Amino acid sequence: MAGRRVVVFPSSAELGPALAQLVTSRAARAISSQGRFTLGLSGGSLVSMLSKELLALPDLDCSKWVVGFCDERLVPCDDPESTYGLYKNQLFSKVNIGDSGILTIDPSLSVNECAEDYAHKLKEAFPNDSMPVFDMLLLGMGPDGHTCSLFPEHPVLEETKKIVAPISDSPKPPPQRVTMTLPVVNSARCVTFVSTGGSKAPVLKEVLEGREGPAFPAARVIPTNGELFWLVDDPAAASLTIQVERLGCGAKL
């Protein structure tokens, strides 16, 4: 691993632009070396933050982006719970990314078939890799320490062969989901967590300071050969005692 950076911003208002800058800098790097940028997205508060800040950038060019989803809920694309649907409305419909550049699940399938179908799409998008290697994954973390749809003590945490796993018993509704597995997450060139708000402070301390870290799925995200960023705001970082970087308005990572 290239090393973990924990970067604290005064608030999400300063964090958002820095996140957009990090995404576009990694996109430029990937396109320069490989001709495309592969990005895995998560839902939750990331959708509105990322969409707002990317659209605020001048000359944003997404024509060479290939976008997938770190996890997805098994609901129709026009359902308010669909992560793809949210991004489509807030971002994809407003930038120059083609439908072929967006890797989505097929919600008409059963959860097991859906996971297999999505895994097949990922393999087609990464034909030269035994394991899909995304240039960048954007992750969130729940108050229970889950990330993607990888929940504490769930058997899927131990999956080593599948690249996409079905979840039919998510403790957080809706119960049926598909998720990237830890081997895929840890193969990425850059993994960036975004965690904001005081409700995240207790679990963020546990995950980053390691007292019970391995019990939390987010603590098991340790890229094998990639970068790991934690971008957090002051309320989320309130309990941390480790050394962190502090950046303010207009900062670049």
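The number of residues in the range 223-253 being modelled with pLDDT under 95, among the aliphatic types (A, V, I, L, M) and either under 22 Å from the mean Cα position of the chain (by Cα) or surrounded by 20 or more Cβ atoms within 10 Å (Cβ to Cβ) (or both) comes to 4.
Would the range 204-219 turn up any residue that is touching a residue at least 40 places away in the same chain (Cβ under 8 Å), basic (Lys, Arg) and not in a loop (DSSP other than H, G, I, E, B)? No. Here GLY85 meets the list (1) free of Cβ contacts under 8 Å to residues at least 12 places away in the same chain; (2) in contact with a helix residue (DSSP H, G or I) (Cβ under 9 Å, 6 or more places away or on another chain); (3) not acidic (Asp, Glu) almost entirely, failing just condition (2). Applying the condition of being of a type in the set (D, E, K, R) and under 19 Å from the mean Cα position of the chain (by Cα) to the range 1-38 and asking which residue is surrounded by the most Cβ atoms within 10 Å (Cβ to Cβ) yields ARG26. A count restricted to the range 86-143 and to residues that are charged (D, E, K, R), surrounded by 16 or more Cβ atoms within 10 Å (Cβ to Cβ) and assigned to a loop (DSSP other than H, G, I, E, B) stands at 1. Regarding the range 201-212, can at least one residue be identified that is touching a helix residue (DSSP H, G or I) at 6+ places or on another chain (Cβ under 7 Å) and either crowded, with 22+ Cβ neighbours inside 10 Å or polar (S, T, N, Q) (or both)? The answer is yes; a qualifying residue exists. Criterion applied to ARG177, ARG189 was being within 17 Å of the chain's Cα centre (by Cα), of a type in the set (Lys, Arg) and surrounded by fewer than 19 Cβ atoms within 10 Å (Cβ to Cβ), and the one residue passing it is ARG189. Please find, within the range 46-62, the residue that is farthest from VAL191 (Cα to Cα) out of those that are in contact (Cβ under 8 Å) with a residue 24 or more places away in the chain and out of contact with any helix residue (DSSP H, G or I) (no Cβ under 8 Å at 6 or more places or on another chain). By that ranking, first place goes to ASP61.
Any idea which of PRO217, PRO155 is in contact with a helix residue (DSSP H, G or I) (Cβ under 7 Å, 6 or more places away or on another chain), over 20 Å from VAL47 (Cβ atoms) and of a type outside the set (Ser, Thr, Tyr)? Testing whether each residue is in contact with a helix residue (DSSP H, G or I) (Cβ under 7 Å, 6 or more places away or on another chain), over 20 Å from VAL47 (Cβ atoms) and of a type outside the set (Ser, Thr, Tyr) leaves just PRO217. Flag: LEU157 matches the condition of being touching a residue at least 24 places away in the same chain (Cβ under 8 Å), in contact with a Pro (Cβ under 7 Å, 6 or more places away or on another chain) and either surrounded by 16 or more Cβ atoms within 10 Å (Cβ to Cβ) or not in a strand (DSSP E or B) (or both). Look at (1) under 24 Å from LYS121 (Cα atoms); (2) out of contact with any Ser or Thr (no Cβ under 8 Å at 6 or more places or on another chain); (3) touching a residue at least 60 places away in the same chain (Cβ under 8 Å) and you find that GLY35 fails only one, number (3). Report yes if LYS172 is among the basic types (Lys, Arg), surrounded by fewer than 22 Cβ atoms within 10 Å (Cβ to Cβ) and part of a loop (DSSP other than H, G, I, E, B), otherwise no. Judged against the criteria, LYS172 is a match.
The values are calculated or read from the model by the stated rules, or taken from the named source; none is laboratory data. This structure is a prediction, so every number in the text was calculated from the model and none was measured. Virtual Cβ from ideal backbone geometry, glycine too; neighbours counted across all protein chains shown.
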